[in-house]
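What follows draws every value from the coordinates through simple rules; no lab data is involved. In this text the structure is predicted, and so the values were computed from the model without any measurement. No Cβ is skipped: glycine too gets one built from the backbone with ideal geometry, and neighbour counts run over all protein chains shown.
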Amino acid sequence: MKTRQLLTVAVLSLILGLPTFARAQKSADEAPPAPARAGGFEENVLALVRKVGVHGNVSVRHPTDNDVTRGVTFGPSIGLSPGTTNGWKYPVALSMFSEDLHSPSGTQFGSVRTWALMAGIGYGWHFGELSVGPQIEVGYAFNHSSLQGDAPQAFASPGSVALNVSNSWMVRPEFKAEYLLTPKFSIRSSLDYVRLRPDVTVTTPAGAVPNTWDLSNVHANVGIAFYPLRK
């Protein structure tokens, strides 16, 4: 009788323990995908880092406002190398440029240097080593202003003049083409429109001058690119 009771308890213990064992086995079976997901994320980050490069540019920038000017400029920028297949792309870039400000009398009195971090969406077509396509980027522009020349004379002011330009959002639709000479070097060109409307405040002893300066511009660019980590 005692033996039968022991067997009954043993069987019941086994039956009650089966769900716990099954859950433990299921958890063990589902555990491996987690490292795979982590590995995939790391690979995507590394692939993005390998696409980062430095550009050397020769640019022509034509402001849409007659009181803002800028001609041919030379400067660097940072961006991503083109892909290898047709489809959507997600460009990221650091844009740097400057523009000159003129008073209503036509006299230059200051300049604005802009640094903008941009990101957006586009579409690319690839023909061998040639990549072309449109894109649109949105970013935030950090603007630094400085007075130049005789600012008081530019505004016929008997005293000092102050200039302040706010930071602002920036939008840039663009069409670009890039040809890879080697896996790490390319030649590139682009045509874009920059929409940039910060608050430009000029203060004289007579008061604040109305905000009439629009820093938007049409920009054409030709340059070379170097992608040190691209394979």
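A few remarks follow.
- Taking the average, over residues, of other Cβ atoms within 10 Å as the packing measure, peptides 72-78, 111-117 rank 111-117, 72-78 from highest down.
- Cross-link reach is defined here as a Cα-Cα straight distance under 17 Å, omitting same-chain residues fewer than 8 places apart; for LYS176 the aspartates and glutamates meeting it are GLU129, GLU137, ASP192.
- Dipole of segment 52-226, positive end: most advanced residue of SER95, HIS126, GLY71 [Cβ charges, Cα centre]: HIS126
- With q set to 0.13 Å⁻¹, the log10 of I(q)/I(0) for segment 52-226, from the Debye formula over equal scatterers at the Cα positions, is -0.67.
- Segment 52-226 - charge dipole about Cα centre, Lys and Arg +1 at Cβ, Asp and Glu -1, debye rounded to 20: 400 debye
- In sequence order, segment 72-78 has phi-based couplings of 7, 9, 10, x, x, 8, 10 Hz under the Karplus curve 6.51 cos²θ - 1.76 cosθ + 1.60, θ = phi - 60°, and Gly or Pro positions carry x.
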